[in-house]
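The values are calculated or read from the model by the stated rules, or taken from the named source; none is laboratory data. On a predicted model such as this, the values are computed, not experimentally measured, just so you know. Here the Cβ positions follow ideal geometry from the backbone for every residue, glycine too, while neighbour counts run over all protein chains shown. Calculation scope for accessible area: heavy atoms of the full protein, side chains included, ligands and nucleic acids excluded. Shrake-Rupley method; radii C 1.70, N 1.55, O 1.52, S 1.80 Å.
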Amino acid sequence: MSRPADSGSAGPRPSVVITRRLPSAVERHAAELFDVRLNESDRPFTPEQLREALRTADALVPTVSDRVTADIIGAPGRRAAIIANYGAGYDNIAVDAARAHGVVVTNTPDVLTDDTADLTLALLLMVARRLGEGVDELRQGRWTGWHPTYLLGTRVSGKTLGILGMGRIGRAVARRAHDGFGMRVVYYDPPVPIGEAKAAGASPRTSVEAVLRESDFVSLHVPSSPETRHLIDAERLACMPRHACLVNTARGDIVDETALIAALRSGTIAGAALDVFADEPRPRREMLELPNLVLLPHLGSATVESRVAMGERALANLTAFFGGTRPRDRVA
Ligand code: 8YV
């Protein structure tokens, strides 16, 4: 774009569409940097709105609730050259199509690691100690008083935690479980250098099944991809001890929900706690009815601190891109 040579003006600012409302400090900062279009209604964009955003703006900032498909990226007349995802996971974006069309994609890792790891431990405690059932009993006026056999859960301290996926969040969970709860931590994730995972007090295993067989609790921290879809299926659930519990704060499609419902009904495993579902925001009705299944509405990174930092990270990626340098969190 041309600029008047002697005006001293910075010229037109890049236009950026942000698909959902962000913390106000981030929106204000975004407006200082760019010509920003906000989604005042905060309703998820339709595919047509996403297409329109890519056609009329220089950049798109989507979230997990936007499916930026290959069709949308490849639609004729696209103007946007960067998709700066607001989130660490970027399975909502067709990255192969972005690469093929020369569209840069960035994400927001690191800044939400601790909060997501904290929430993972919260879910683990919820399912082990039956906390959701306790809250329900109280709220519904069903608590008749303390007695020695009331709502007995299972101990967490000193037990074995199996982690599938030892990236940033897996390691942060391992540290908390090992250092805070004295848990023995085993994991499977071949790409992670063993030295790094060992620092978190974790021991590698050679297969998913080996981790599942020896764990009292299993926590999932792999990204969603065709390879990890239904990583936890009926066969693998059957590998877990009957007293074991599964925790998922990664992505819903990593677990075969039909198999999980059957396993929870039949007692193949004792319990599960999910922050994510295959079809968000509509968890399957059967899942809502299972007492040994704890459900949260995708709250992993839901702290003011994380959500502000995620926004700032997305803005930093856009600033780098429009400044002509490689964005720090480029994934495509
Ligand atoms: C985010 C997440 O809230 O960052 C991720 O991968 O799953 C969540 O914590 C979500 O992605 C925001 O778009």
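Here are a few things to note about the model shown:
- Of all residues in segment 253-276, none are open to solvent by 30 Å² or more (accessible area, probe 1.4 Å), in contact (Cβ under 8 Å) with a residue 24 or more places away in the chain and within 12 Å of the ligand (Cβ to nearest atom).
- Cβ-Cβ contacts under 7 Å between residues 6 or more apart (or on different chains), taken from a first residue in segment 288-313 that is within 14 Å of the ligand (Cβ to nearest atom) to a second residue that is basic (Lys, Arg), are listed as 301/307.
- Each residue in segment 53-79 was checked for being touching a residue at least 40 places away in the same chain (Cβ under 8 Å) and either crowded, with 17+ Cβ neighbours inside 10 Å or within 16 Å of residue 280 (Cα to Cα) (or both), and 10 pass.
- Within segment 158-176, the presence of at least one residue that is assigned to a loop (DSSP other than H, G, I, E, B) and open to solvent by 40 Å² or more (accessible area, probe 1.4 Å) is confirmed.
Listed here are the residues, each with its yes/no results for (1) more than 16 Å from the ligand (Cβ to nearest atom); (2) closer than 19 Å to residue 190 by Cβ; (3) assigned by TED's automatic domain parsing to the domain that holds residue 178; (4) open to solvent by 10 Å² or more (accessible area, probe 1.4 Å).
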| site | (1), (2), (3), (4) |
| --- | --- |
| 214 | yes, yes, yes, yes |
| 227 | yes, yes, yes, yes |
| 232 | yes, yes, yes, no |
| 243 | yes, no, yes, yes |
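- Only listed residue being closer than 21 Å to residue 275 by Cα, touching a helix residue (DSSP H, G or I) at 6+ places or on another chain (Cβ under 8 Å) and either assigned by TED's automatic domain parsing to the domain that holds residue 309 or of a type outside the set (Asp, Glu) (or both), chosen from 151, 121: 121
- Scanning segment 70-92 for residues that are in a loop (DSSP other than H, G, I, E, B) and either under 16 Å from the mean Cα position of the chain (by Cα) or within 16 Å of the ligand (Cβ to nearest atom) (or both) returns 85, 86, 87, 88, 89, 90, 91, 92.
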